Structures are given as structure tokens and as C-alpha cells.
Amino acid sequence: KENSSLSTIVRRFKDSVSLGKTHKFWESQPVGQFKDIGDSNLPEGPIEPPTLLSEVKQEPYNLPSQYEWTTCDMESDETCREVYDLLKCNYVEDDENMFRFNYSQEFLTWALRPPGYYRSWHIGVRAKSSKKLVAFITGVPARIRVRDEVVKMAEINFLCVHKKLRSKRLAPVMIKEVTRRVHLENIWQAAYTAGVVLPTPITTCQYWHRSLNPKKLIDVGFSRLGARMTMSRTIKLYKLPDSPATPGFRNMELRDVPAVTRLLRNYLSQFVVAPDFDENDVEHWLLPTENVVDSYLVESPETHEITDFCSFYTLPSSILGNQNHSTLKAAYSYYNVSTKTPLLQLMNDALIVAKQKDFDVFNALDVMHNESFLKELKFGPGDGQLHYYLYNYRIRHALRPSELGLVLL
Ligand SMILES: CCCCCCCCCCCCCC(=O)SCCNC(=O)CCNC(=O)[C@H](O)C(C)(C)COP(=O)(O)OP(=O)(O)OC[C@H]1O[C@@H](n2cnc3c(N)ncnc32)[C@H](O)[C@@H]1OP(=O)(O)O
Ligand SMILES: CNCCCN(C)c1ncc(F)c(N2CC(C(=O)NCc3cnc4ccccn34)C2)n1
């Protein structure tokens, strides 16, 4: 978006203010502090040592008296529906409150039940009287490599407080409670992302968007007709072939897990921060799951070697207050590896299959090697930034997005 809208200016102002304001909660936490930026005497690694499990607070943190903790069993359709409804109405919106993420129920059960997950890390808050779910926060276990150290971490996500309960300091209680429950499993680090600036990002990424259905995107206000552009010229600009160009480009299947794991582990080893995926992880996170995650690979027609891989996840957004459309169908670039097929061609094939699947837009962060294809494949810079954070682990210098090999949902 060339001329920054007022909301972007306001957000940038808030971001810069955040650097100056006191963060009563975050200044009490073992995270990089703004005052420490540039202090290269501070060692890289854990900020606080682990404590003895007997020393971890055994009972949950106190909630305001009218609320109670609940563990959300995502295997229960009823509970999963309650979580879905809470997020559908109260989760992340864009700066102009035109869109709100609408993570599907099947996406949530996939995102929250990876190998080795803990049900106790799916934490809800209910009103005692109505039993209504009013807040949520989750963790899932992950092995994250930072430089040459593989660290057991919790990936924290889906922090949500009902709109009616905002600005009551509930979020810090949710965060302390998930921290306590993660500590009980002898895990002392976490990774998380947010659209807001907190102490202290390890890197800040830019979102890029590739129009697939430009007419709808303009109708709903996601994008604007370019200067000196007509609608028909815009539709032609973003037109894509009907089928992928790469010979041997096909859906990933269960039998491909070992080869894809090798390909991905080798590729991710070049980044400073990246997941340490094994075959079980690859089977869960990357095997195609309808309406949740799509993954493709290139199998050489001659040698049957698997040489390239690309994937994207499905995250629709509710369109708030538009007569003609209620849902924005968005695909988010996930993990991509190119060893033989040029990344540009591989990603163009990803755009082609996403368009075939009726997505309206294909989003990508400027992480890994994504910058090499964004402009050429007609992605435009978004106004959303995504800040990456580690909890209880210091990185001496902020990373460039291209040094990051981690995509959170
Ligand atoms: C070892 C294991 C560790 C595990 C934990 C690792 C840490 C995990 C951290 C969580 C990773 C989450 C990853 C995601 O899910 S990011 C997505 C977050 N969710 C949304 O944006 C959905 C819509 N918004 C809401 O539901 C509420 O506004 C939330 C719940 C976000 C804040 O509620 P509310 O607006 O009613 O505010 P408050 O009065 O209760 O509390 C104000 C305090 O909260 C700090 N705040 C505000 N927004 C965030 C945020 N996104 N991450 C961390 N902290 C945040 C804020 O700076 C202030 O602290 P301080 O500035 O005074 O210090
Ligand atoms: C905690 N998990 C982090 C990932 C959650 N993710 C995917 C996310 N976090 C912050 C963002 F800034 C963002 N953006 C995608 C870009 C975009 O599409 N912006 C227009 C738009 C359409 N729908 C929505 C809904 C909410 C916010 C912006 N929206 C900006 N994505």
C-alpha cells in the first residue's frame, strides 16, 4: 500500500511509543528488555536458569472471582466449537477493523495437536455463572534450533480475551498461567509472534500479498485499484496459467515423508532460528490436510528423486461489514525448498494451484529466501508486520528476516 493509510501511521506511532512506554508486565519477564538493546556484553542463550520442578507454583494463578480456569479438550467437538466461536468473534483484526482471522475448527485441532502435545497447555477461562468461554491461550511443544543449539520450547499462540474483557490486565495472567504449565513439563523457553511491538523482537518481518482474485480484493477493500489502472487491466496483470509448469510437480503423499524430511532438514540448517523437524513432525505439519495445509513436491521424471517442495496453509478472514462478501480466502506461504527447480518457478506453481483452489490472495513473509521471488511474482507489500519473540532466551543481535527459518500459524 503505497500511501500509508491513517491506521498505518497510527500503528507505526503506537509501535514507536511502545519502545518508550513502561511495560509493567513485560519488564518483569525473562525477555530481552529495550534498555538492553545494543549491550553486547550480555551472553546469548537462556536468561534465567531452570528451577526445580518442586519449586514451580503448583496451583493456578488467581483470576478475578467471577472467572475460572478450564482446560480445553480440542478432541471434543463441543469444546473445539466454543474455541472456534471465541476466536471468530474476538481474535486478531487488521488496523482498520475490516478483517478478522477465522481459523477453522479443523485448522485449530491440527495446530494444537502435534506430536507430543499437552492438553494442559490448551488453556481457557470461563465465566463461573454462564460457563461461557471468555479467554484462551495455547502452547504446543517444539524443538527449535538457535544457531547450533536445539532447544525444547513451547510455541505460544491464540492468545485471546473477549472484547468485553479487554484492558483489565487479563493477558498477563493468561501468559503467567501458560508459563507455569510449561514449566511443569520442564520446558523453560518459548517462541511466539505478534503484530504488536513488545520487549523485544528477535526480528520483524514484513507481510507481502499476491492477488489471485483482484476484483474481489478491490471490492472488499483489501487492495485498491492502482493509479492509471482499469479493473480489466488489473485482472489481466494477475492472470495465471491453468496448471503448474514444472514436470513432476505433484501432491505430497505419506510415502514422501522420509525424503521431504531430509530435504527440509538440510534446507533449514542454513538459518539461525529454525524448527528441528523429524519425520513425525513432517508427517503432522506438512502432509496435505483438506482446508488446512497443502503441500507439493517435484519428483524428477527421470530419476524419481524428490528435488523441491512447497507448502501453504489455509487461514480465511471474516470480512466485517461488506454486503457482497463475508469471507476472504487466504493462503499463507509455509515451508518451501528448492534444490533443482528455481524458487521463482516453484512459487509460481504454488500460486497457480492456490488460484485453482479458489484462494483470493496468497500471503508470504519476507523470511528465508522469500525476498528473492516476492517482487517478480507480483506480491505487494502489506501494512502488517509480524514480530518474532523468544521467551527466556537472548539473541545477541536482532536477526534479518532472511536469517529466520520459522513460520508460526
Ligand atoms: C517458558 C514458557 C513461556 C510461555 C509464554 C511465553 C510468552 C507468550 C506471550 C503471548 C504470545 C501471544 C501470541 C499471540 O497469540 S499474538 C495474537 C494476540 N491476540 C490478539 O491480538 C487477539 C485480539 N486481542 C486480544 O484478544 C487482546 O487484546 C489481548 C489478549 C491480545 C491482550 O489483552 P488486552 O488488550 O485486554 O490487554 P491486558 O490489559 O489484558 O494486558 C495488557 C498487557 O498485555 C500485553 N499484550 C498485549 N497484547 C499482547 C500480545 N499479543 N502478546 C503478548 N502480550 C501482549 C501488553 O503489552 C500489556 O503488557 P505491558 O506492556 O503492560 O507489559
Ligand atoms: C499469532 N499468529 C501470527 C500469525 C497470524 N497472522 C497470520 C498474522 N498476524 C499479524 C498480521 F498482521 C497478519 N497479517 C496478514 C496480513 C494481512 O493479510 N492483512 C490484512 C488482513 C486480512 N485479514 C486479517 C486479519 C487480521 C489482521 C490482518 N488481516 C497482515 N497475519
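Every number here is computed from the coordinates shown, using simple stated rules; none is lab data. These numbers come from a predicted model, not from an experiment. Here the Cβ positions follow ideal geometry from the backbone for every residue, glycine too, while neighbour counts run over all protein chains shown.
Cross-link partners of K152 among lysines, defined as those whose alpha carbon lies under 23 angstrom from its own and excluding same-chain residues fewer than eight positions apart: K57, K176. Under a Gaussian network description of the chain, with springs only between Cα atoms under 10 Å, the residue in K176, K21, K132 that fluctuates furthest is K21.
Subtracting the Cα-Cα distance of E59 and E279 from their residue separation scaled by 0.36 nm leaves 75.6 nm. When all alpha-carbon pairs of the chain are counted, what percent fall beyond 26 Å? So the pairs more than 26 Å apart make up 57 percent of the total in the chain.
Each part gets one Cα centre, and for region 121-172 versus region 22-73 those centres are 13 Å apart. Note on L344 and T71: the model spin-label points, each 7 Å out from Cα along the C-beta direction, lie 5.3 nm apart. Only lysines eight or more places from K355 in sequence, or on another chain, were considered; those with a Cα closer than 21 Å are K215, K216, K236, K239, K329, K375, K378.
Size of region 48-98 from its Cα atoms: along the principal axes, largest to smallest, the extents are 46, 31, 26 Å. Radius of gyration over Kirkwood radius for region 299-347, both on Cα atoms: the Rg/Rh ratio is 1.26.
The dipole here belongs to the chain: it is taken about the Cα centre, uses +1 on the Cβ of Lys and Arg and -1 on the Cβ of Asp and Glu, and is about 1660 debye. This ranking places I37, I47 by how few other beta-carbon atoms lie within 10 Å of each, fewest first, which gives I37, I47. Derived from the Cα gyration tensor, the three semi-axes of the equivalent ellipsoid of region 1-142 are 30, 26, 17 Å, largest first.
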